[in-house]
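Below is one structure, written out as structure tokens; comments come after it.
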Ligand SMILES: *Cc1c(COP(=O)(O)O)cnc(C)c1O
């Protein structure tokens with residue numbers, strides 16, 4: 001799938017010169033809807049679906065970056081796709097679901113209970129045999145997702161960085177980055193969900209033993225849990241945009257860069273560190289905020 005230009009620049013961030021060299025890898029610039037890391041997590045699945053001439057099927061919530069990214073990537077790849085959405089259909093679809101639908105995703109709504117079991121509605125099997133479907137786990141989690149995420153560091157020369165920092169949901173992206181990281185590089189994951197203490201083990205499942213010491217998860221920057229937010233977070237995101245020109249989203253990258261800023265200010269990184277922040281995208285999620293919350297659109 002190379003129907004859109006694969007360009008995601010590295011930009012240097014002003015303001016931290018006294019502490020460390022800090023660059024940001026702008027995966028958010030890859031495509032407005034296929035938010036950066038999601039494209040990498042999807043590409044191996046989509047390649048399989050194309051070879052096998054399958055329809056793509058995946059799962060997500062009403063504001064899911066993964067849903068909208070899958071819809072866009074499938075459309076760009078010429079593949080049909082189905083989204084299984086958590087919860088009842090509402091009279092007014094979210095902007096995320098409207099966009100997904102516009103790009104040709106067929107939406108099916110299932111109860112939260114059925115969603116927990118990742119049940120595929122039987123009506124789908126009236127139209128598709130199981131072998132006609134390429135089922136992508138929620139969030140692109142899984143070995144194919146990890147394999148795709150390994151390529152993120154190949155978009156630019158990244159050998160000189162000592163630390164690579166990113167937001168973590170399922171840990172799929174972090175696992176791929178850790179596999180690709182050189183021995184002198186430490187990967188730092190900012191976990192955006194609360195009480196996700198099984199995560200370390202789940203990530204290790206994708207890594208050989210010698211790689212399992214190469215990443216660290218920090219659990220103190222979730223702001224109360226997944227998609228939880230407060231004025232302090234918005235102030236940071238607005239200030240960060242004003243100083244650096246880099247927009248962030250309130251679910252993932254806002255929290256990750258808040259953490260990076262706090263760690264840099266606290267001298268957490270050893271002298272001489274060179275830090276690469278990975279902007280994983282997700283900006284479409286900000287559309288669910290009241291207008292005027294953020295100074296960027
Ligand atoms: C999905 C997502 C993540 C989390 O990626 P995982 O591989 O699930 O850890 C991070 N940032 C953004 C913007 C995302 O949309």
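Some observations on this one:
- Qualifying residue in the range 169-182 (condition: away from the ligand (no atom under 14 Å from the Cβ), outside any helix (DSSP H, G or I) and in contact with a strand residue (DSSP E or B) (Cβ under 6 Å, 6 or more places away or on another chain)): yes
- Among the numbered conditions (1) within 15 Å of the ligand (Cβ to nearest atom); (2) surrounded by 13 or more Cβ atoms within 10 Å (Cβ to Cβ); (3) without any contact (Cβ under 8 Å) to a residue 60 or more places away in the chain; (4) not in a strand (DSSP E or B), the only one that residue 227 does not meet is (3).
- Single match in 207, 193 (criterion: more than 9 Å from the ligand (Cβ to nearest atom), over 20 Å from residue 225 (Cβ atoms) and at pLDDT 95 or above): 207
- Note on the range 23-39: residues that are under 14 Å from the mean Cα position of the chain (by Cα) and either at pLDDT 95 or above or not in a loop (DSSP other than H, G, I, E, B) (or both) amount to 9.
- Checked against (1) modelled with pLDDT under 95; (2) part of a loop (DSSP other than H, G, I, E, B); (3) in contact with a helix residue (DSSP H, G or I) (Cβ under 7 Å, 6 or more places away or on another chain), residue 285 passes all but a single condition, namely (2).
- Subset of the range 256-275 that is in contact with a helix residue (DSSP H, G or I) (Cβ under 7 Å, 6 or more places away or on another chain) and within 15 Å of the ligand (Cβ to nearest atom) - its residue that is nearest to residue 70 (Cα to Cα): 257
- Note on the range 49-68: residues that are in contact (Cβ under 8 Å) with a residue 40 or more places away in the chain, part of a helix (DSSP H, G or I) and either within 11 Å of the ligand (Cβ to nearest atom) or under 30 Å from residue 158 (Cα atoms) (or both) amount to 3.
- Failed criterion for residue 278 (all others in (1) closer than 27 Å to residue 17 by Cβ; (2) within 12 Å of the ligand (Cβ to nearest atom); (3) assigned to a helix (DSSP H, G or I) hold): (3)
- Taking each residue of the range 248-260 that is at negative phi and touching a residue at least 12 places away in the same chain (Cβ under 8 Å) and looking for partners that are near the ligand (Cβ under 9 Å from one of its atoms) and part of a helix (DSSP H, G or I) with beta-carbon atoms closer than 7 Å, six or more apart or interchain, yields 249/283; 249/285; 250/285; 251/285.
- Output for the range 159-168, where each listed residue is closer than 22 Å to residue 148 by Cβ, more than 10 Å from the ligand (Cβ to nearest atom) and either touching a residue at least 40 places away in the same chain (Cβ under 8 Å) or not in a loop (DSSP other than H, G, I, E, B) (or both): 161, 164, 165
- Assessment of the range 123-142 against the conditions (farther than 30 Å from residue 187 by Cβ, out of contact with any helix residue (DSSP H, G or I) (no Cβ under 9 Å at 6 or more places or on another chain) and assigned to a strand (DSSP E or B)) yields no matching residue.
- Just one of the listed residues (46, 79, 97, 42) is crowded, with 19+ Cβ neighbours inside 10 Å, assigned to a loop (DSSP other than H, G, I, E, B) and at pLDDT 95 or above, and it is 79.
- Sole exception among (1) closer than 25 Å to residue 280 by Cβ; (2) under 22 Å from the mean Cα position of the chain (by Cα) for residue 116, by number: (1)
The values are calculated or read from the model by the stated rules, or taken from the named source; none is laboratory data. Model, not experiment: these values are computed from the prediction. With ideal geometry, Cβ positions are generated from the backbone for all residues, glycine too; neighbour counts draw on all protein chains shown.
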